[in-house]
1. Please pick out the residue among B:80, B:95 that is touching a residue at least 40 places away in the same chain (Cβ under 8 Å) and closer than 27 Å to residue A:31 by Cα.
2. Considering only the stretch A:39-86, how many residues are open to solvent by 70 Å² or more (accessible area, probe 1.4 Å) and within 14 Å of another protein chain (Cβ to nearest Cβ)?
3. Take the stretch A:1-18 and flag every residue that is out of contact with any helix residue (DSSP H, G or I) (no Cβ under 7 Å at 6 or more places or on another chain) and farther than 16 Å from residue A:71 by Cα.
4. How many residues does the stretch B:21-38 contain that are open to solvent by 20 Å² or more (accessible area, probe 1.4 Å) and in contact (Cβ under 8 Å) with a residue 40 or more places away in the chain?
5. Has the stretch A:3-25 got at least one residue that is loosely packed, with under 15 Cβ neighbours inside 10 Å, free of Cβ contacts under 8 Å to residues at least 40 places away in the same chain and not in a strand (DSSP E or B)?
6. Pairs, please: C-beta under 8 Å, at least 6 apart or cross-chain, first residue over 24 Å from residue A:16 (Cβ atoms) and in the stretch A:57-72, second open to solvent by 40 Å² or more (accessible area, probe 1.4 Å) and not in a strand (DSSP E or B)?
7. I'd like the full set of residues that are assigned to a strand (DSSP E or B), crowded, with 17+ Cβ neighbours inside 10 Å and of a type in the set (A, V, I, L, M), limited to the stretch B:79-113.
8. Has the stretch A:87-96 got any residue that is open to solvent by less than 20 Å² (accessible area, probe 1.4 Å), over 11 Å from the mean Cα position of the chain (by Cα) and among the acidic types (Asp, Glu)?
Amino acid sequence: DAGVTQSPTHLIKTRGQQVTLRCSPKSGHDTVSWYQQALGQGPQFIFQYYEEEERQRGNFPDRFSGHQFPNYSSELNVNALLLGDSALYLCASSLDTRGAKNIQYFGAGTRLSVL
Amino acid sequence: AQKITQTQPGMFVQEKEAVTLDCTYDTSDPSYGLFWYKQPSSGEMIFLIYQGSYDQQNATEGRYSLNFQKARKSANLVISASQLGDSAMYFCAMSLSGYALNFGKGTSLLVTP
């Protein structure tokens with residue numbers, strides 16, 4: 001049973017460029033969330049997708065956008081990259097369940113470096 | 001606003017001993033979930049244990065147990081019989097809606113022989 005997979009594992013971009021990160025959820029999961037983890041910090045919630053719609057969004061600018069496909073996989077797009085966007089980007093998948101018990105399972109992340 | 005606080009930046013424990021990692025939270029919502037994740041140097045966040053706000057019993061998963069004290073708003077992780085492979089960052093997180101996870105800053109645990 002494959003877990004959450006993310007690609008690529010590492011990426012180097014320059015300021016002003018655009019980047020697309022990809023995520024395939026755990027088998028049977030229909031919900032995908034994205035997090036940004038700066039060095040030495042806990043992950044920060046970017047947004048969550050369910051039924052191909054953005055269901056909730058954290059405190060991130062519109063430069064951060066996403067998409068969910070009919071097979072539940074997802075992409076995170078970041079436009080006009082800034083040096084401060086350098087971080088580990090984590091994707092998590094879960095089953096859509098009511099209430100707080102929504103256990104999210106994470107991939108190994110994509111490490112983005114902006115030069 | 002919800003907030004998670006982990007006050008121990010780093011902890012040391014000897015192999016085979018037990019260790020407690022502290023976590024306090026702040027929310028006025030009566031329904032919430034509390035989670036602990038382990039993050040090895042490889043980067044992947046590994047789910048360890050979950051506690052619901054209405055759960056009467058403390059959660060346990062193998063060597064992991066969660067010491068849930070609702071009145072004190074604390075959800076400490078206890079790892080029994082530490083192993084060298086337990087060396088990692090540990091994050092406490094809370095969810096209100098079942099959507100976003102709100103994480104603390106983490107505690108680095110080093111298990112020594």
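The values are calculated or read from the model by the stated rules, or taken from the named source; none is laboratory data. All values derive from a computational prediction rather than experimental measurement. Neighbour counts are summed over all protein chains in view; Cβ atoms, including those assigned to glycine, are modelled from backbone coordinates with ideal geometry. These accessible areas exclude ligands, DNA and RNA; they are computed on the full protein's heavy atoms, side chains included. Shrake-Rupley method; radii C 1.70, N 1.55, O 1.52, S 1.80 Å.
1. Working: B:80 fails: closer than 27 Å to residue A:31 by Cα.
After applying the criteria, what remains is B:95.
2. The number of residues fulfilling the criteria is 8.
3. Within the stretch A:1-18, the first condition is being out of contact with any helix residue (DSSP H, G or I) (no Cβ under 7 Å at 6 or more places or on another chain), and the residues that meet it are A:1-14, A:16-18.
Selection gives A:1, A:7, A:8, A:9, A:10, A:11, A:12, A:13, A:14, A:16, A:17, A:18.
4. Taking the stretch B:21-38 and keeping what is open to solvent by 20 Å² or more (accessible area, probe 1.4 Å), we get B:22, B:24, B:26, B:28-31, B:38.
Next cut, in contact (Cβ under 8 Å) with a residue 40 or more places away in the chain only: B:22, B:24, B:26, B:29, B:31, B:38.
Residues flagged as open to solvent by 20 Å² or more (accessible area, probe 1.4 Å) and in contact (Cβ under 8 Å) with a residue 40 or more places away in the chain within the stretch B:21-38 amount to 6.
5. No.
6. A:68/A:51; A:68/A:52; A:69/A:52; A:70/A:52
7. As a first pass, look at the stretch B:79-113 and keep what is assigned to a strand (DSSP E or B): B:79, B:88-95, B:102-103, B:107-112.
Filter again for crowded, with 17+ Cβ neighbours inside 10 Å, leaving B:79, B:88-95, B:102-103, B:107, B:109, B:111.
Answer for the stretch B:79-113, where residues must be assigned to a strand (DSSP E or B), crowded, with 17+ Cβ neighbours inside 10 Å and of a type in the set (A, V, I, L, M): B:79, B:88, B:89, B:93, B:94, B:109, B:111.
8. To start, the set of residues in the stretch A:87-96 that are open to solvent by less than 20 Å² (accessible area, probe 1.4 Å) comprises A:87-94.
Cutting the leftovers down to over 11 Å from the mean Cα position of the chain (by Cα) gives us A:87, A:94.
Filter again for among the acidic types (Asp, Glu), leaving none.
Looking through the stretch A:87-96, none of the residues is open to solvent by less than 20 Å² (accessible area, probe 1.4 Å), over 11 Å from the mean Cα position of the chain (by Cα) and among the acidic types (Asp, Glu).
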